[in-house]
1. So what's Rg/Rh here for region 117-242, counting alpha carbon atoms and using the Kirkwood radius for Rh?
2. Any chance you could list the semi-axes, whole Å, largest first, of the equivalent ellipsoid that the Cα gyration tensor gives for the chain, using √(5λ)?
3. How would you rank LEU95, LEU343, going from fewest to most other Cβ atoms within 10 Å of each one's own Cβ?
4. Need one number: convex hull volume per residue for region 19-110, Cα atoms only, in Å³.
5. What nm value, rounded to one decimal, do you get for the distance between ASP211 and ALA126 when each label is placed 7 Å out toward the C-beta?
6. Tabulate in residue order the Karplus-calculated ³J(HN,Hα) for region 176-189, using 6.51 cos²θ - 1.76 cosθ + 1.60 with θ = phi - 60°, rounded to whole Hz; enter x for Gly and Pro.
7. May I ask you to compute the full-extension gain from HIS372 to ASP319, defined as 0.36 nm times their residue separation minus their alpha-carbon distance, rounded to one decimal in nm?
8. Quick one: if the Förster radius is 35 Å, what FRET efficiency do THR80 and GLU228 give, using the C-beta to C-beta distance and rounding to 0.05?
Amino acid sequence: MKKILVIIIPALILSGCRSKDSFTVSGHISDPQKNSVVLNKFEVDRLIFVDSARLNGKGSFKLRVKTEATDFYQIGYSDTDFITLLAGPGEKISLTFNGKNTSGDYEVSGSKGSEDVRILDLRLAAGKRKLDSLRVIYDNFPANADSDPERSRLEEEFTAILKDLRKKNIEYIVTYPSSMASLKAVYQRIDENTYVLYDPRDLQYLKIVSDSLGRHYPESKNVRALAEDVKKEMNQLVARHIQSIASTSPEIKLDPNLLDVNGKRIALSSLRGKVVLLTFWSVNSRESLAENIQLKEFYKIYKNKGFEIYQINIDEDEDKWKQAVRFDELPWISTREDDPNVLENVRLFNVQTLPANYLFDRDGTIIGTNLHGRSLQIKLNQLFNNPAGN
């Protein structure tokens, strides 16, 4: 009896270990049209082949996938005929496809994430069918029927469907911000150009998901990609805000006109015709000092091609600022706020952290915000080494 236990216990332990670093997918297709299914993994903007399985005579299959993290997968006949799974270690996922195609009606169990993804996908598909039906009716109206009450009714119905899809996805995100399925809710699209979360205010929901998933899944490439998207959208939002101030408030001049380190007053607008990086920094900011070293390399490469840096220091101690500029041999235009206690330009440009920057094209239009390191290098390379960027 003891010998039997000695054999059984290690086997159970090994079995338990396997379940913690893998998941299984078993499925049945009622009316199979092909003899195998393929499993791919979503990784940001590409698919990675994981495994495939042949269907037996009854249309059934089974796969075991080794993984240490929860991720999105695509399983089906092909890249155009599939469903999405959200699978994690230890899950035993069961699928039942009720028709000929793997992209059609199906049921899933054994994975809460995959069940949530199914609901999100089915709801979107139903909404898109309704929208497509309305488009067909709408497109058949005569060109001169703009004031037709029926046409107006269709427009209202179309908008109502969009709003309902948006509302449902927001409800899911707010209820389950820590679920990876919230990534699905964030990135769903009505069509190639329209996201379900179409309102500019929806950026707050992207940030909620990004912050929450960043804490729970810090190593996920999909989560990191969302964080980058949020950062990019936030920067663009700030840029649009700045441009809006410039265009709608003529009494407010977004044109720093400050004394440089030699006591010469220089206006940002005097650099029109060059690509200008407006930067804000402090001697007390280690990040600012580190970035200055990198900026010197960029400045050396692009200065003769029409690149200039207009740097604004926000420190109260003027002597400390001048010493830092001369000690670090900063070669660009180094200025300082006229009144460090007011920081007028910091306020106008809505600077929240240091270092901060705004990239202006040759016409004086903001074309980038808070571009640092490699992101700035790529942008400058596009502008100066790509003829279309000039």
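1. Working: Rg = 17.3 Å, Rh = 16.2 Å.
Computed over Cα atoms, the ratio is 1.07.
2. Working: eigenvalues 544, 200, 65 Å².
Working from the Cα gyration tensor, I get semi-axes of 52, 32, 18 Å.
3. Working: LEU95 24, LEU343 16.
Ascending number of Cβ neighbours within 10 Å: LEU343, LEU95.
4. Details: hull volume 7.5 nm³, N = 92.
Spelled out: Cα convex hull of region 19-110, divided by residues, is 82 Å³.
5. 3.2
6. Each residue of region 176-189 in turn: 10, x, 8, 8, 4, 5, 5, 4, 4, 5, 6, 9, 4, 10 Hz.
7. Numbers: separation 53, 0.36 × 53 = 19.08 nm, distance 2.73 nm.
Extra length from HIS372 to ASP319 when fully extended: 16.4 nm.
8. On the way: r = 28 Å, r/R0 = 0.80.
The pair THR80/GLU228 has a calculated efficiency of 0.80.
Taken together, the values in this text are just the output of simple stated rules run on the coordinates, not laboratory data. From a predicted model like this one, the values you see are computed outputs, not experimental measurements. Methodologically, a virtual Cβ is constructed for each residue, glycine included, from the backbone with ideal geometry; neighbour enumeration extends over all protein chains shown.
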